[in-house]
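This report concerns only the one structure given below.
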Amino acid sequence: MLKTFLVGILLGAAAVAGALYSIPVVDQYREVSIISVAPNGGNTESLHINMPMDRIMAGAPGGSAAWPVGMKWPDDPILANVSSEIFKIRNARDAVIGVAVRTVAREEGGDVIDWVIHLPARGSLFINMDPQPQDSGERIGRLQSGAREFEPLTGFVEERWVSDTSGEEDAPAGRIELVTRLIGTLLPENERTEEVAE
């Protein structure tokens, strides 16, 4: 009887594992990616945030108009000069495809500006921006790390503010544009040799 019980448990666990593998519990919807090939190789993708309607939350020491009622910014000296914002992020068709967090830490040697972009069906990117904008106004950042489809990529992300000039009554004040320029990394010589041998 005990053997039958244990065999039943093992077969049940194997059946559940097989079902989970073949029928995923979460099947995230993926908006079609709008990616173009850059002239010098790699790919480029344009994302944007309509302001102020796509700002979900903004936090900073002393509170913020976009901070939920009842929430308090942590009273910790290490966060005294840090502000953070959470946004919806849109593709070139203006469809919401993910969320982004921008964090700014103000330091004597210059600001530290980081973006984390999460596209649920694709993966995440962590970008560290140059504190000083270019002469043309945009800020350039380097992809420090990525997850899932962005894991093997390197490259840059350009951030710029574009004011709305349409004059429409319900138009946004403008938008933050994030243009990615990413390329796959080459394997080191020894890893490429091993891959060919396999």
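Which order results if Trp161, Trp73, Trp115 are arranged by neighbouring Cβ count within 10 Å, fewest first? Before the final figure, lay out the partial values.
Working: Trp161 14, Trp73 17, Trp115 22.
Least crowded to most crowded, the residues run Trp161, Trp73, Trp115.
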Within 10 Å of each residue's Cβ, count the other Cβ atoms and sort Leu125, Leu143 from fewest upward.
Leu143, Leu125
Residue-ordered couplings for region 155-162, obtained by feeding phi - 60° into the Karplus form 6.51 cos²θ - 1.76 cosθ + 1.60 and rounding to whole Hz (Gly and Pro as x), are x, 10, 10, 9, 10, 8, 9, 10
Counting other C-beta atoms within 10 Å, which of Asp76, Asp111, Asp135 has the fewest, and how do the rest follow?
Asp135, Asp76, Asp111
Grab the other residues whose beta carbon is less than 9 angstrom from that of Ile113, score K and R as +1, D and E as -1, and report the net.
-2
Applying the Karplus parametrisation 6.51 cos²θ - 1.76 cosθ + 1.60 with θ = phi - 60° to the phi angles of region 113-123, what ³J(HN,Hα) value in whole Hz is obtained for each residue in order, glycine and proline being reported as x?
10, 10, 10, 10, 10, 10, 10, x, 8, 10, x
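Read-outs: derived from the displayed coordinates by stated rules, not from any lab. Here the structure is a predicted model, which means the values were calculated and not measured. Virtual Cβ from ideal backbone geometry, glycine too; neighbours counted across all protein chains shown.
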